[in-house]
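The block underneath contains the structure these notes are about, expressed in structure tokens.
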Amino acid sequence: MNAEPPKDRFQSPQEDSGPSYLRAGHTLRSWLLTTDHKRIAILYLFAISFFFLVGAIAAALIRLDLLTPAGDLLTNDGYNRAFSLHGIIMVWFFLIPSIPNTFGNFLIPLMIGARDLAFPRLNLLSWYIYVVAGLVTLYVVLGGGVDTGWTFYTPLSSVYANGAVVAAILAVFISGFSSILTGLNFIVTIHKLRAPGMTWGRLPLFCWSHYATSIIFVLATPVLAITLLLVAAERLIGIGVFDPDLGGDPLLFQHLFWFYSHPAVYIMVLPALGVISELITCAAHKRIFGYWFVAYASIAIAVIGFFVWGHHMFVSGQSFYASAVFSFLSIAVAVPSAIKVYNWTATLYKGDVELSAPLLYALGFIGLFVAGGLTGLMVAMLAIDVHVHDTYFVVAHFHYIMVGGTVTAFFGAMHYWWPKITGRMYNENLARASAIIILVGFNITFFPLFVMGYEGMPRRYHVYPEQFQVLQVIASSGSALLALGYLLPVFYLGWSLFRGERATANPWGATGLEWTTSSPPPKHNFVEQPVVVRGPYDYPLAHPASRDNG
Amino acid sequence: MSGFFPWQPAASAYGRQIDLLAAAFGTMVWLLAIPVFVLMAVFAWRYRRTREVNRQNRPNGNVWVEASWSVIPFLMILVFYVWATSLYLDLRQPPEDAVTIDVVAKQWMWKFQHPEGAREINDLHVPVGTPIKLVMTSQDVIHSLYLPALRIKQDVVPGRYSTLWFTADRAGAYPLRCAEFCGADHSVMGGKLIVMEAADFAAWQAAHNGNGALSAAERGARLYRTSGCAGCHDRTQEGLAPALSDIFGRQVVLADGSRTRADEQYLRDAIMLPNKQVVAGFRGIMPSYAASFSAEEVADLVAFLKSAPSADGRIAQP
Ligand code: HEM
Ligand SMILES: [Cu+2]
């Protein structure tokens, strides 16, 4: 193993290019009123990490409570509030904004050779909107919580639920504007601000996947916003859209809700797929296998993702034909996802592979994503879903995709671009250790849930049959390990900020444009307008330690 | 196959088919996943940086390879799609001779009404080997009736009737749970499905039908009288309201010319939302009973209408 960071193999022409974006102003004001996309990304990083922590504390409460079948830690109501907040915070305040708003924000202009996003002020505004939405959520947490689950199913949410339902809806509603504005900003930026020579065929796959994500942001989020407004109106003044007592239809809510929330799953995972493409190509020092297939797979996932929402409703009472069609389309969406996985694997073949922490995170991601995706196919099968719908099987499946996928990619991205963002190197051995701890802890936490689900353990159960206790205790202890794996980076990354070795412009020997600027980049990214003459992954043909034959 | 899996063997032929499907699909899932895992690890290790290996002629893409690894797994999965969809279709088509049990869910209990009159809460007794059809509705929020031992569940939605059918073929007591989050006591909303040998069931039924308990249809008949339904519906000749004598299962022509089958949902809507579907030839003068009947009372009325065919157009009253 070569533990020391590799040397620069690509010279970086633009070092010593004036003060970095981090030093271009030290006052709080210079941060809070900044329009620099890199600083805004840092603002997001803090806000989003904070909410991840809040959501994780709720998860810890849930897992502690589930140690005993009677749930001795919390009351029934307390448990319901804990998982509702866990879900709401994790989905809307971590999973959806995490990668796009931090790494997308930071990297897209750098990757396409632009000075900033197309609308810098709008970008700052989206952060403030996110913060306001977050404050409303904190009000909900402190004000006693909600007991609707993150799905807000009517008529439970509109008539029967207690707690701060309207405030929670308001929080999600507001956060939606942040998503829409970010999506618009990315689309316009990628269309209009590419450096000369940055053709679509030279666009890094990270940008392709953010482009696809942005389409969903812009098209799907308004549907959610309107749906939630209707729920709030129903709760406050009883307009009767969803409540059968007033002539409404509860299934209409589910259709509208999932029309947004299913594509939202792809909002969570597409940026992660973009991250992994970057991590794999760089670690392998090799051009990605099948660039166009991977690029178009992102778009295909985004588009087909709009037509599968009904797979959440196989037992709701929707018609047989609707179910059969939704099931079919759900299988179809697996094809582009599978293409990506196979292409990443093929990229490693004859690569020049550096067994770095980002690679370990990426490999962990692929394993968990494959497990989550294939069990997703199982629940897309009508008759199997009838049995496992709303059980722990589904909880396991979506944690594999969302936590194993998105969160792992988020950590991988954090390590890979950490030198670029902060200008410092972290401790590689600790980072490898944390990647492995996360992978092991994750599987101990969530694999037992598949078994419990198939055995008939419904989700959202505070009190559960004793037969499940052994598996629940295993899952809870795994979550302690997982928490350790998530906390470890906080320490060594924090430490590296002060003591870490200084990073060169291109410590990984990568080819993207973001690595041609200094680490950390100067305020306006590039001293001179870059001109792109190569593809995004134009690595030299082979590493010196290669033989011609054999 | 039992013993191989940590879960209980299914208590119905349908359930065992689900187990078979899941096991087969699960096997294929591993077959698709393992090559990826193995190759990833092998490539990462074999082509690690410090190692001197052949890296010449590195592939950068190949349309045929891409096509084959997207199309072949897709075709394999399509086989399972057909299998799973046909099982699901079976679940949607109850046999004609199934015994109908009415189910009303409310926060946080299950109320069951047997056709002969026995009523029970949370526990459901059924005879072994008999097709049972549950006709379910909710009085408040959405619940979901889940019978893990039979590998089936179905949401129970206010304002709608949903059905679930099964034939349990192994006597025993099995869990019965609510699977859709329904508020504070969601996790304790459940009971047992008790599958009994025919003789035991007959004895149970005899003990529970008697002592003055009315059947659902009988209670419905009483409501029909006391709520004044007869006042209009027995005067069909005067064109006041349609006859209800053998309404259940009949084709009904609506005012807008369309036709519909008078199933549980139709009858319920006719009582709760009478102006939604007006019968051809009648004026929409029927008032809504949404405010006066509970979900259970509506179920009783529907049971009565199902049971009341008579020759003279007037509805038979006890
Ligand atoms: C780190 C350890 C975590 C543990 C131990 C954990 C545990 C759980 C458990 C046990 C549930 C099911 C609650 C129930 O159905 O009764 C749950 C639900 C959920 N979790 Fe996690 N979780 C973790 C992390 C995360 C993360 C990081 C995310 C997202 C980034 C997430 C998103 C969700 C969502 C969206 C739900 C659904 C909530 C609902 O059912 O309304 N979880 N979690
Ligand atoms: Cu319930």
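Data table
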| read-out | value |
| --- | --- |
| Some residue of the range A:41-60 being outside any helix (DSSP H, G or I) and aromatic (Phe, Trp, Tyr) | no |
| Matching residues in the range B:119-131 - criterion: being surrounded by fewer than 20 Cβ atoms within 10 Å (Cβ to Cβ) and of a type in the set (A, V, I, L, M, F, W, C) | B:121, B:128 |
| Scan of the range B:165-196 for residues that are closer than 19 Å to residue A:317 by Cβ, in a strand (DSSP E or B) and free of Cβ contacts under 8 Å to residues at least 60 places away in the same chain, ordered by number | B:177 |
| Counted residues, the range B:31-43 - those being within 7 Å of chain A (Cβ to nearest Cβ), open to solvent by 40 Å² or more (accessible area, probe 1.4 Å) and under 21 Å from residue A:381 (Cβ atoms) | 0 |
| Residue match in the range B:176-187 (condition: at positive phi, within 12 Å of ligand 2 (Cβ to nearest atom) and within 9 Å of another protein chain (Cβ to nearest Cβ)) | yes |
| Count of residues meeting criterion [under 20 Å from residue B:306 (Cα atoms) and not in a helix (DSSP H, G or I)] in the range B:255-285 | 10 |
| Residues within the range A:434-484 that are more than 17 Å from residue A:71 (Cβ to Cβ), more than 16 Å from ligand 2 (Cβ to nearest atom), small (Gly, Ala, Ser) and open to solvent by less than 40 Å² (accessible area, probe 1.4 Å), tallied | 5 |
| The one condition in (1) open to solvent by 30 Å² or more (accessible area, probe 1.4 Å); (2) in contact (Cβ under 8 Å) with a residue 12 or more places away in the chain that residue A:319 fails to fulfil | (2) |
| Residue pairs meeting the criteria (Cβ under 6 Å; at least 6 apart or on separate chains; first within 7 Å of chain B (Cβ to nearest Cβ) and in contact (Cβ under 8 Å) with a residue 12 or more places away in the chain, in the range A:355-379; second open to solvent by 10 Å² or more (accessible area, probe 1.4 Å) and of a type in the set (Gly, Ala, Ser)) | A:377/A:334 |
| Residues of the range B:68-82 satisfying the condition of being over 16 Å from residue A:336 (Cα atoms) and more than 8 Å from every other protein chain (Cβ to nearest Cβ) | B:79, B:82 |
| Enumerated helices (runs of 4 or more DSSP H) restricted to the range A:407-525, each holding at least 3 residues that are within 14 Å of chain B (Cβ to nearest Cβ) | A:428-454, A:469-499 |
| Among residues of the range A:346-362, those that are closer than 22 Å to residue A:538 by Cα and open to solvent by 10 Å² or more (accessible area, probe 1.4 Å), counted | 5 |
| Residue among B:55, B:16, B:46 that alone is surrounded by 14 or more Cβ atoms within 10 Å (Cβ to Cβ) and facing chain A (nearest Cβ under 7 Å) | B:55 |
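So that you can scan it fast, the table gives a plain yes or no per residue for (1) open to solvent by less than 20 Å² (accessible area, probe 1.4 Å); (2) within 21 Å of residue B:227 (Cβ to Cβ):
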residue: B:244; (1), (2): no, yes
residue: B:248; (1), (2): no, yes
residue: B:252; (1), (2): yes, no
residue: B:256; (1), (2): no, no
residue: B:260; (1), (2): no, no
residue: B:267; (1), (2): yes, yes
residue: B:281; (1), (2): no, no
residue: B:284; (1), (2): no, yes
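Listed here are the residues, each with its yes/no results for (1) under 30 Å from residue A:240 (Cβ atoms); (2) more than 14 Å from chain B (Cβ to nearest Cβ); (3) buried (at least 24 other Cβ atoms within 10 Å of the Cβ).
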residue: A:115; (1), (2), (3): no, yes, no
residue: A:118; (1), (2), (3): no, yes, no
residue: A:148; (1), (2), (3): yes, no, yes
residue: A:173; (1), (2), (3): yes, yes, no
residue: A:184; (1), (2), (3): no, yes, no
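The values are calculated or read from the model by the stated rules, or taken from the named source; none is laboratory data. These numbers come from a predicted model, not from an experiment. FYI the Cβ positions are ideal-geometry reconstructions off the backbone, even for glycines, and counts take in every protein chain you see. With ligands, DNA and RNA removed, areas are computed over all heavy atoms of the protein, side chains included. Shrake-Rupley method; radii C 1.70, N 1.55, O 1.52, S 1.80 Å.
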